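The values are calculated or read from the model by the stated rules, or taken from the named source; none is laboratory data. Keep in mind that what you see is a predicted model, and the values were worked out from it rather than measured. Cβ sites come from the backbone with ideal geometry, for glycine too, and all protein chains shown count toward neighbours.
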Amino acid sequence: MSYFLDTMGNLLHQTAFFNLTVGNYAMILFACVFLFLAIKKRV
């Protein structure tokens, strides 16, 4: 189990998600909302 947690910790630190700012999270949220609306409206 320790190997799995170490691997997941290393993966988290090597991806860009560890260095995102509040603005980045806001843009991801807006994109998800617009995708949801497009799928719901079937554009």
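Out of L29, L5, L12, L37, which single residue is at pLDDT below 85 and either part of a loop (DSSP other than H, G, I, E, B) or not β-branched (V, I, T) (or both)?
None of the others qualify; the one that does is L12.
Can you say whether L37 is of a type outside the set (S, T, Y) and surrounded by 10 or more Cβ atoms within 10 Å (Cβ to Cβ), as far as the supplied structure shows?
Numbers: of a type outside the set (S, T, Y): yes; surrounded by 10 or more Cβ atoms within 10 Å (Cβ to Cβ): yes.
In short, yes.
If I ask for residues that are part of a helix (DSSP H, G or I) and modelled with pLDDT under 90, which ones from segment 15-26 would you list? Of everything in segment 15-26, those that are part of a helix (DSSP H, G or I) and modelled with pLDDT under 90 turn out to be A16, F17, F18, N19. The lone criterion from (1) modelled with pLDDT under 90; (2) part of a helix (DSSP H, G or I); (3) surrounded by fewer than 10 Cβ atoms within 10 Å (Cβ to Cβ) left unmet by V43 is number (2).
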